[in-house]
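Contents: one structure, followed by commentary.
The values are calculated or read from the model by the stated rules, or taken from the named source; none is laboratory data. All values reported here derive from a predicted model rather than from experimental measurement. Neighbour counts are summed over all protein chains in view; Cβ atoms, including those assigned to glycine, are modelled from backbone coordinates with ideal geometry. Accessible surface is based on the protein model in full, side chains and every heavy atom, while ligands, DNA and RNA are left aside. Shrake-Rupley method; radii C 1.70, N 1.55, O 1.52, S 1.80 Å.
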Amino acid sequence: MHWQFKRILILVTFLALLLAVGTVGYMMLADLSPLDALYMTVITLSTVGFKEVVELNHSGKIFT
């Protein structure tokens with residue numbers, strides 16, 4: 001059981017890190033609020049692909 005818990009902990013940590021990096025990245029590159037940046041990160045990582053909150057510049061498109 002111990003190795004299963006460790007694997008789950010690693011996956012959850014990796015997902016949290018992806019959400020944090022994505023949110024901060026969108027805040028810096030697209031000048032979004034934290035909520036809008038988190039929304040953009042979630043729709044990007046989940047591949048839902050709803051419309052962007054704002055029109056992205058080249059840096060934002062490359063980041064996405």
Need pairs with beta-carbon distance below 7 Å; first residue under 9 Å from Gly60 (Cα atoms) and in contact (Cβ under 8 Å) with a residue 24 or more places away in the chain and within segment 20-32, second in a helix (DSSP H, G or I) and not hydrophobic (A, V, I, L, M, F, W, C); sequence gap 6+ or separate chains.
Tyr26/Thr41; Leu29/Ser59; Leu29/Gly60; Ala30/Gly60
Does Ile43 satisfy being touching a Phe, Trp or Tyr at 6+ places or on another chain (Cβ under 6 Å), of a type in the set (A, V, I, L, M) and either in a helix (DSSP H, G or I) or open to solvent by 90 Å² or more (accessible area, probe 1.4 Å) (or both)?
yes
Across (1) open to solvent by less than 100 Å² (accessible area, probe 1.4 Å); (2) under 13 Å from the mean Cα position of the chain (by Cα), Leu35 clears everything bar (1)
Show the residue pairs meeting these rules: Cβ distance below 9 Å; 6+ apart or different chains; first residue within segment 6-19 and closer than 15 Å to Ser46 by Cβ; second residue of a type outside the set (D, E, K, R).
Leu15/Leu45; Leu18/Thr41; Leu18/Leu45; Leu19/Leu38; Leu19/Thr41; Leu19/Val42; Leu19/Leu45
Mind checking whether some residue in segment 48-61 is assigned to a helix (DSSP H, G or I), touching a residue at least 12 places away in the same chain (Cβ under 8 Å) and open to solvent by 70 Å² or more (accessible area, probe 1.4 Å)?
no
